[in-house]
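Notes to accompany the following structure.
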Amino acid sequence: MLIDIIKRRCSVRSFAVKEISPDIINVILEAGRLSPSGGNEQAWKFGVITDKSLIEQMADSAYKQNWIKTSPLLIVLCTTIVEDERGGREIQKRRFPQYSEEITNMDPYLYAALNSEEHQTKIPGTHMVLQAMEYGIYSTWISYFNVDKVAKLLDLPKLCIPSEIIAFGYPETEPFPKVKKGKEEVVFYNKYKK
Ligand SMILES: Cc1cc2nc3c(=O)[nH]c(=O)nc-3n(C[C@H](O)[C@H](O)[C@H](O)COP(=O)(O)O)c2cc1C
C-alpha cells in the first residue's frame, strides 16, 4: 500500500557509499515524468547529477550543506519559463486580481523566479521520492541553495530555473520518521472554525 511507503518516508542526510543503478534511476525519473501539471504543460527539466565533483560543488552552492556530498545522486528539478510569464501572466492576474497591475508591470525574470513555484515541480519530485522508497532509497529535499550559482554550474539556459534539488541514496543508518501534527490540528471540514 502506498500509505505504508508514505509512513516510512523521512529525510535522510547521511548516505552509504553505494551507487544507485541506472535502471533504478530510470524508474525514479519515469515516476516524475508521468506526474500531473497545470494544463499538462510539463514546464520542467530534470537534471540527473552523479558526477562526484559536481555533487561537491552543488553542496557548496547550497550554502555548504556538506551532508549533500554523501549523496550518490542529485536530481535537480528545473522550471522552464513559459510564454505566459513573459507576456500576459493571465493565470496569476485571475488568481490575485487585487495585484493585477503589479503583476503586469513586474520585470519578466523577477516575475518568472517568483512564479516558479506555480509550476509545482514538487509534484514530480514527490513522485520520485516515493518511487525511490520502493528500492530502499531515501532522500532529502533541498531548496536552500543559491539558484544562480547552481544554474551556472549546470550550464542552464536563462529560461530554465533550478527550483529544488533532491538528494537520494541508501541510508547509512536506520531512518526514523519524524512525528507529524495530528489530523485534528491540520484538517478542517467545510468552513474553517477557530
Ligand atoms: C521544499 C523543501 C525544501 C527543503 N530544503 C531543505 C534544505 O535545503 N536542507 C535540508 O537539510 N532539508 C531541507 N528540507 C527537508 C525538511 O527539513 C524536512 O522535510 C522536514 O524537516 C520534515 O522532515 P521529514 O522529511 O523527515 O518528514 C526541505 C524540505 C522541503 C519539502
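Descriptive notes on the structure:
- Highest-first packing order for the peptide set 172-180, 97-105, 185-193 is 97-105, 172-180, 185-193, based on the mean count of other beta carbon atoms within 10 Å.
- Dipole magnitude for the range 75-160: about 100 debye, using +1 per Lys or Arg Cβ and -1 per Asp or Glu Cβ, origin at the Cα centre.
- Inter-label distance for residue 7 and residue 26, nm, one decimal - labels placed 7 Å from Cα along Cα-to-Cβ: 3.4 nm
- Working from label points 7 Å from Cα in the Cα-to-Cβ sense, the residue 18 to residue 135 distance is 1.2 nm.
- Computed [θ] at 222 nm, helices only, for the chain once each DSSP H run of length n ≥ 4 contributes -39500 (n - 2.57): -10000 deg cm²/dmol
- Calculated translational diffusion coefficient of the range 1-127 (10 °C, 1.306 mPa s; Stokes-Einstein with Kirkwood radius over alpha-carbon pairs) equals 93 µm²/s.
- For the chain, share of DSSP beta bridges that run antiparallel, in % to the nearest 5: 95 percent
- Across the options 115, 77, 141, the greatest Cα extent toward the positive end of the charge dipole of the range 2-186 (unit charges at beta carbon of Lys, Arg, Asp, Glu) belongs to 141.
- Unit charges on C-beta of K, R, D, E only; dipole of the chain, Debye: 780 debye
- Percent accessible area from carbon and sulfur atoms, the range 2-186, protein chains only, probe 1.4 Å: 54 percent
- Zero-based 5 Å bins, Cα pair distances in the range 142-194, whole percents: 4, 12, 14, 10, 10, 11, 14, 13, 9, 2
- Residue-normalised accessible area of the range 1-155, given per residue in Å² at a 1.4 Å probe: 57 Å²
- Sequence ranges 90-96, 43-49, ranked by mean other-Cβ count within 10 angstrom, highest first: 43-49, 90-96
- Net lengthening on full extension, residue 99/residue 184 (0.36 nm per residue, minus Cα-Cα): 27.2 nm
- Amide N of the range 161-177 lying under 17 Å from the label point, which is placed 7 angstrom from the Cα of residue 107 along Cα→Cβ: 161
The values are calculated or read from the model by the stated rules, or taken from the named source; none is laboratory data. Predicted, not measured: the structure shown is a model, and the values here were computed from it. Positions of Cβ are backbone-derived with ideal geometry, glycine not excepted, and every protein chain shown enters the neighbour counts. The protein model used for the area step is the full one, side chains on, heavy atoms only, and it has no ligands, DNA or RNA in it. Shrake-Rupley method; radii C 1.70, N 1.55, O 1.52, S 1.80 Å.
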